Amino acid sequence: MAYYFISDLHLDKSRPVTTDAFIEFISSIKNDARALYILGDFIEYWVGDDDDRHGLDKAFNALQHLSKTCPIYLMHGNRDFLIGERFAQQYGITLIHEPYSVKIKQHNIALSHGDILCTDDQDYLAFRQEVRSKDWQTRFLAQSLQKRIQTAEDLRIKSQQAMQTKSDALMDVNQDTVRGFFKQTETNTLIHGHTHRPAIHNHLVDNQHCQRIVLSDWHNQASYLKVTEHECELVTDDFIKTTTLIV
Ligand code: LP5
Ligand code: MN
């Protein structure tokens with residue numbers, strides 16, 4: 001039996017290969033999964049639980065089916081932070097909010113989408129602060145579905161334009177912020193996504209060895225982290241990396 005971690009699927013009806021890969025992945029873990037953690041950006045974008053035009057019912061039904069045999073935890077990402085309890089309950093999902101820690105055997109593991117670790121990207125952080133406020137969300141969700149979808153589409157274009165002006169270094173995690181996150185959560189393992197730079201990094205925090213495992217996005221293929229006992233395996237289309245969890 002194993003714990004599975006995935007993120008950044010960006011499911012969208014325009015990319016059926018990824019949706020099929022997800023359904024196949026869910027089917028492949030169903031007899032083996034102790035829990036599934038989805039660490040954000042599960043969906044390309046989400047403008048409210050009342051939006052039923054995703055064309056992703058097959059993927060959602062696969063989750064609901066899995067939820068009968070294993071708990072499914074979902075954390076918000078910067079694309080789908082408006083996923084609410086209505087959607088979660090409909091498909092047997094438990095929403096979790098960061099900073100979130102989970103104990104697996106004797107290992108204390110912190111989970112994050114990863115965007116809050118990218119603190120050099122000040123423009124993004126200012127934007128994030130605004131759209132994560134209760135007031136902004138209440139006003140946004142009161143708009144018509146069509147208007148919300150249009151705003152999200154506009155924002156995707158603005159975001160792509162903004163990202164062309166930002167360096168890779170600026171859009172990666174900030175090392176001091178990562179160290180602070182380990183201290184705040186009192187963990188020595190951190191799993192996150194968002195940057196789409198799958199890797200296993202070592203950090204030294206107050207002379208303690210810590211590990212940061214970065215999940216891959218799903219670009220037409222499944223990729224995941226599988227944790228069994230003390231071992232973990234990070235699987236992408238290009239490589240498989242293994243490590244032993246720190247006690
Ligand atoms: O996800 P990814 O990796 O592509 O990009 C992020 C950051 N971009 C975003 C924007 C999302 O992609 C947009 C998704 C829309 C879904 C939301 C649904 C709810 C509707 C919201 C409507 C307002 O998160 C990008 C980071 C990058 O990761 C790397 O970390 O740099 O951040 C930006 O590009 C943000 C810009 O720097 C600043 C935003 C300018 C747009 C201002 C328009 C204001 C609209 C009104 C909102 C208050
Ligand atoms: Mn993201």
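Readers should treat all values here as calculations from the given coordinates under stated rules, not as data from a laboratory. Computed from a prediction, not measured in an experiment: that's the story for all the values here. Here the Cβ is made from the backbone with ideal geometry for all residues, glycine too, and neighbour counts use every protein chain on show.
Things worth noting here:
- In the range 132-146, residue farthest from L82 (Cα to Cα) [restricted to those that are assigned to a helix (DSSP H, G or I) and more than 10 Å from ligand 1 (Cβ to nearest atom)]: Q146
- Within the range 218-236, tally of residues that are in contact (Cβ under 8 Å) with a residue 24 or more places away in the chain and either of a type in the set (S, T, N, Q) or surrounded by fewer than 20 Cβ atoms within 10 Å (Cβ to Cβ) (or both): 9
- Considering the range 91-127, and only residues there that are under 16 Å from H196 (Cα atoms) and part of a helix (DSSP H, G or I), the residue that is nearest to ligand 2 (Cβ to nearest atom) turns out to be D115.
- When residues in the range 51-62 are screened for being part of a helix (DSSP H, G or I) and out of contact with any helix residue (DSSP H, G or I) (no Cβ under 7 Å at 6 or more places or on another chain), 3 of them pass.
- Here Y45 passes the criteria (1) in a helix (DSSP H, G or I); (2) within 18 Å of the chain's Cα centre (by Cα) except the one numbered (1).
- Matching residues, the range 72-86, being among the hydrophobic types (A, V, I, L, M, F, W, C) and over 12 Å from the mean Cα position of the chain (by Cα): I72, L82, I83
- Top-ranked residue of the range 147-169 - restricted to ones that are more than 8 Å from ligand 1 (Cβ to nearest atom) and among the aliphatic types (A, V, I, L, M), ranked as nearest to S216 (Cα to Cα): A169
- Breaking point among (1) part of a loop (DSSP other than H, G, I, E, B); (2) surrounded by 12 or more Cβ atoms within 10 Å (Cβ to Cβ); (3) more than 20 Å from the chain's Cα centre (by Cα), for M171: (3)
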